[in-house]
Structure formats: C-alpha cells, structure tokens
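Working notes for the structure below.
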Amino acid sequence: MFDVAVIGAGVVGGLVARELSKYKISVCILEKEADVAMGATRANSAIVHAGFDAKEGTLKAKLNVRGSELMEALAMELGVKYKRNGSLVVGFDEEDEKTLGELLKRGEKNGVRGLKLLHGEEVRAEEPGVGEGVTSALLAPTGAIICPYELCMAAVGNAMDNGAELLLGFKVEKIERNEGGFKLTDSTGRAVEAAYVVNCAGVYSDEIAEAVGDESFSVTPRKGEYLLLDKECGATVSHTVFRCPSKMGKGVLVTPTVDGNLLVGPTAENIQDKEDTSTTEAGIASVKAKAAEQVKGIDFSKVITSFAGLRSTGSTGDFIINMPTLGFVNCAGIESPGLSASVAIAEYVAELLREAGVSLIPNPDFSGKRAPMHYFRELPDEEKNEIIKKHPEYAHIICRCEMVSEGEIIEAIRTNPKPCDVDGVKRRTRSGMGRCQGGFCAPYVVELLSRELGIPYTSVTKFGGNSYMNIGKTKEN
C-alpha cells in the first residue's frame, strides 16, 4: 500500500514524484511504456517559455512564470543542461506588430521580466539571422532551452534514489475505490493500492479520469512534426525565434538546442489517434517553408532526423489540475507551456494533496542533487585520465559522432531509471544521436545491454516490444 501513486512517467509525473519524495511518504510511479519520458516529454520543443503567451489569470500563466523562475536552479541541482538564451517572437506586418504589443501587455501582467518590443534594425541587431521580411519582434530575455527527456529521467531517477518505486509496463486499465483509497489494476492483472492517486497520463489523462467517474473534460492529441539539424547548424541563431501565435499554438520555431544542434518545428494538427507519431511529407514541407521565412540561411541539407510528438490539448483551454473526487488529482491538458511549468505544477499538486489530508512531513534524508549525465566528455583531460586509470572502459569510444565512451554507457545502464533498450541508452548518453544516427555504435550498445542486463544478444530491442535489433546468428563462433 503506497501513500501516493503517480500515473505517468513524463516530466510532470516525474517532477511530481520527486516533489513528494521530499516528504516521509511512500510513492510509486506507474508507466505503461518500457521507459520513462516516452510521451510528450520525448518529443517537444525543449523550450522554457518566459510566460507572456498564456492568458492572464489562468493556471498556464501562473505556473509558467513560476516554473520559469525555478527551472534554472532545478536543472543545476539535477545536473541537467540549461541555457537562458532568450526568445524572439517575430512579426511581418502591422497586424503582427499589434499582436506583439498585446503579448507585451499580457506578459507584463503575468509578471514576466525584461520584455521589450523591437522594430526594424533593432531586431537584426539582437538576432542577425532573422528573415528579410521580419519588421518587428518581442524580446523575452528570460526564455531558455533545456533537454526535456533528460530533465524527466533525472527527476524520476532522483525520486527513485529517495525511495520512490517505478513500475514500467504498467498500463492502468481499472481504478477501484477500496477502504484504504484506490486499487489500480493493469492490463496483465497486476494491482497496486494507494491512498491517493495523481493522474499525469498525458493524452490518456481523460480516460484515466473517466475511470473514477470524472467526465468533465476531454483531451485531443495535437501532432507536431520537427526537424533536427546537425551541430554545424547550431549557431544559425542564438535566440529561440517564434512566429506570432495563433489559436493552434505558438507556431513554428527555430532554436538552438542545449546540445548544440538546431531544432525546427512544430506543425500543429489535431488528430484522433493517441499513438500516431508519424511524420509526413506535407508536414515537413510546411515546417521548412515557415522556418525559412523566420530565419534566413537554414541549411536543410543538414537535417539528421525528423520526428513528431503529441501534445495533450484539453477541452477547457487551461491546465486541468484539480481533485474531482477525494484523493484523486488530475494533471491533465498539460500542453505548452507544460514543460516550462512542470516544476511549479509539482508544487501545486503537493499543496492539493496537503489540503486533502496527506501528511507532508519533510524527509530528513532527502537529497535533491544528481550527477550530470554527460559530465565525462566535458571534463578537462587530466580529470578524464584520472578516471580512465581507475576505469579503463572510459577510454573506449563507442559513439564517434557524439564521443560517448563505453564507461558512460555502462554507468547509464546502472543508474536509475535504468534503460532496457537501445533508444533508452540513446536518450541517456546521446549515443546514436549524431550524424550517423547509430549506424556505427548501435551494435556495441546492443552488446553492452546484453552483458549488463544478462539477456541474450538477440533479445535486445531498439524501443521495446518486438523491435528486436537482431533476429539470429549468421554463423557460429
């Protein structure tokens, strides 16, 4: 029997679990996939928004600004890369400039610091790479970039290090009330009991809410397609460059990433299939055309991969964070700026639970610090050599594109939350994220997973399920 069960191991669920692990209560995280960060957290714009876009007075506005203020310190504590690079929302005509003026006023009401409206050459002085047709821009210096799935893995791992339990492959099919609170049963018949439940199930959060009788909202998946360009394009812009927003969202953006690539996207298409993360020729063409208007000189011949993610668009127009029935908390409709607000959402949920009767006594053994995932490659040579003397596997480079060593991969496989497939290692170490997209390093990663997990070489998958990397031997040794 747990005190709290968190459904969903995305960035919001992970940070909720971490926040609760600060207290003397038992927490479990239930995730239907084979790894954490497999939903919206895996594929989004990686932006910490300043907070000028959300309508004043909404939870989105309040929690975005609070989250933006907290994120830098959180990233440092968890060893996650973060950069306050600032953002620009660009306009092309008088109508856009009017919209930018409205965003300025809204941002000031929301409490966003440092906003400034730029015109003509002021825009190019701030960001020389903007398109020729840009006539104005809203500058938000508090905007930042981060790696969302690294933040999620660090949050879940830190929660686990402080006593939380993670159950993977646990797809909640039924929720029943019992004398102690709730009984949650998965598709295989496994059951977990908890006094309180927090619903962080992303695009499935409406279905989880319906399981306890809450039909007050629905969630529509909104697909966004992206392009990731090689690191040699990473300096195309220094800011995150947005278009003026529409009713479908903030539109296509062009941004550097914390790892030095250039990210372009997303599209915005409401769909019905909650598992459809396919990319389309039309979607990619749309991203390229719009991005080329915002920023000049993007070399699309340097695209190394494309991908799509699904945003959880709630029917209320705002984050849905409430307690519709005693002991059950919704965290639903967490679309943009959900990543930016995630740490503030975790605080908000903890306070809801406190008000509902959860005894949140501080855990004196809690430690919020976590070692960075990519620390080795960034160390001075003398420090690297000292580590290599003790652990020679750090001298063996597995991924040449990203310069990832065998030692780093082994360390990742042994660190909470432990990966069990090739893509899990990729997200933790960046092995396979370079130009060749795993063409060279994947066989070595399979070998390390086989050895560390004690499973046959042919049982290692790319992303779980039947995505086997090898189907058998071509010859005996």
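Key figures for this structure:
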read-out: Among (1) outside any helix (DSSP H, G or I); (2) touching a residue at least 24 places away in the same chain (Cβ under 8 Å); (3) open to solvent by 20 Å² or more (accessible area, probe 1.4 Å), the one test that E402 misses; value: (3)
read-out: Within region 360-383, tally of residues that are over 21 Å from L15 (Cβ atoms) and open to solvent by less than 70 Å² (accessible area, probe 1.4 Å); value: 5
read-out: Flag for V237 being open to solvent by less than 10 Å² (accessible area, probe 1.4 Å) and part of a loop (DSSP other than H, G, I, E, B); value: yes
read-out: Contacts under 8 angstrom Cβ, first residue in region 12-30 being under 18 Å from I175 (Cβ atoms), partner of a type in the set (S, T, N, Q) and open to solvent by less than 10 Å² (accessible area, probe 1.4 Å), 6 or more apart; value: V27/S21
read-out: Tally, over region 427-461, of residues that are under 30 Å from L262 (Cα atoms) and in contact with a Phe, Trp or Tyr (Cβ under 8 Å, 6 or more places away or on another chain); value: 3
read-out: Residue selected from region 8-47 under the condition of a type in the set (D, E), outside any strand (DSSP E or B) and open to solvent by 10 Å² or more (accessible area, probe 1.4 Å), by the criterion farthest from G357 (Cα to Cα); value: E33
read-out: Candidate set from region 427-477 (those that are of a type in the set (D, E, K, R) and open to solvent by 80 Å² or more (accessible area, probe 1.4 Å)); member that is modelled with the lowest pLDDT; value: E476
read-out: Test for T316: is it in a loop (DSSP other than H, G, I, E, B) and touching a Phe, Trp or Tyr at 6+ places or on another chain (Cβ under 6 Å); value: yes
read-out: Extreme residue, most open to solvent (accessible area, probe 1.4 Å), among residues of region 126-156 that are more than 12 Å from H239 (Cβ to Cβ) and of a type in the set (G, A, S); value: G133
read-out: When residues of region 371-426 are limited to those that are hydroxyl-bearing (S, T, Y) and within 23 Å of the chain's Cα centre (by Cα), the one modelled with the lowest pLDDT; value: Y375
read-out: In region 354-391, the residues that are in contact with a Gly (Cβ under 9 Å, 6 or more places away or on another chain) and in a helix (DSSP H, G or I); value: F376, I387, I388
read-out: Odd one out for K418, checked against (1) within 21 Å of H374 (Cβ to Cβ); (2) open to solvent by less than 80 Å² (accessible area, probe 1.4 Å); (3) assigned to a loop (DSSP other than H, G, I, E, B); (4) free of Cβ contacts under 8 Å to residues at least 24 places away in the same chain; value: (2)
read-out: Any hit, region 268-287, residues being in a strand (DSSP E or B), out of contact with any helix residue (DSSP H, G or I) (no Cβ under 6 Å at 6 or more places or on another chain) and buried (at least 20 other Cβ atoms within 10 Å of the Cβ); value: no
read-out: Residues of region 174-194 classified as open to solvent by less than 30 Å² (accessible area, probe 1.4 Å), within 30 Å of the chain's Cα centre (by Cα) and either hydrophobic (A, V, I, L, M, F, W, C) or closer than 20 Å to I321 by Cβ (or both), total; value: 5
read-out: Residue in region 73-85 that is buried (at least 23 other Cβ atoms within 10 Å of the Cβ) and within 20 Å of G317 (Cα to Cα) present; value: no
read-out: From the options L360, L352, residue that is touching a Phe, Trp or Tyr at 6+ places or on another chain (Cβ under 6 Å), aliphatic (A, V, I, L, M), in contact (Cβ under 8 Å) with a residue 12 or more places away in the chain and more than 20 Å from G79 (Cα to Cα); value: L360
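The values are calculated or read from the model by the stated rules, or taken from the named source; none is laboratory data. The structure displayed is predicted, hence computed values, not measured ones. No Cβ is skipped: glycine too gets one built from the backbone with ideal geometry, and neighbour counts run over all protein chains shown. Just the protein is used for accessible areas: all its heavy atoms, side chains included, with ligands, DNA and RNA removed. Shrake-Rupley method; radii C 1.70, N 1.55, O 1.52, S 1.80 Å.
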